[in-house]
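Data block below; observations after.
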């Protein structure tokens, strides 16, 4: 799944003024969209994030991709968010 956060996104003016960076929660929202598309609809509550690591920032207007891996038969996925070959974030999401 590819995504881009536009420079007009409402979260950007305060994160950080003059040098905007896409907040991690916005990136994770896109990861959740990808997981729910793979699952076939909304995940049953509660959704957990047992592990998340941010290693590089995503800037507004940059294209990023999400790679998912299913963990067994459980409602659990691993993910990587990349900008080209650079890993921006990785972790797990579970229902």
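The values are calculated or read from the model by the stated rules, or taken from the named source; none is laboratory data. Not measured: the values here are computed from a predicted model. Neighbour counts run over all protein chains shown; Cβ positions are idealised from the backbone, glycine included.
Some points to look at:
- Among the residues of region 71-85, those that are part of a strand (DSSP E or B) and under 14 Å from residue 35 (Cβ atoms) comprise 76, 77, 78, 79, 80, 81.
- Selected residue (only one of 59, 43 is within 25 Å of residue 12 (Cβ to Cβ) and either in contact (Cβ under 8 Å) with a residue 40 or more places away in the chain or within 14 Å of the chain's Cα centre (by Cα) (or both)): 59
- Scanning region 28-41 for residues that are modelled with pLDDT of 95 or more and touching a strand residue (DSSP E or B) at 6+ places or on another chain (Cβ under 6 Å), we see that the one that is nearest to residue 53 (Cα to Cα) is 31.
- Unique match (being at pLDDT 95 or above, touching a strand residue (DSSP E or B) at 6+ places or on another chain (Cβ under 6 Å) and assigned to a loop (DSSP other than H, G, I, E, B)) among 68, 88, 58: 58
- Residue list for region 1-10, restricted to those being touching a residue at least 12 places away in the same chain (Cβ under 8 Å) and loosely packed, with under 15 Cβ neighbours inside 10 Å: 2, 4, 6, 7
- Residue check: residue 25 meets all listed conditions (1) over 10 Å from the mean Cα position of the chain (by Cα); (2) exposed (fewer than 13 other Cβ atoms within 10 Å of the Cβ); (3) at pLDDT 95 or above but one, namely (1).
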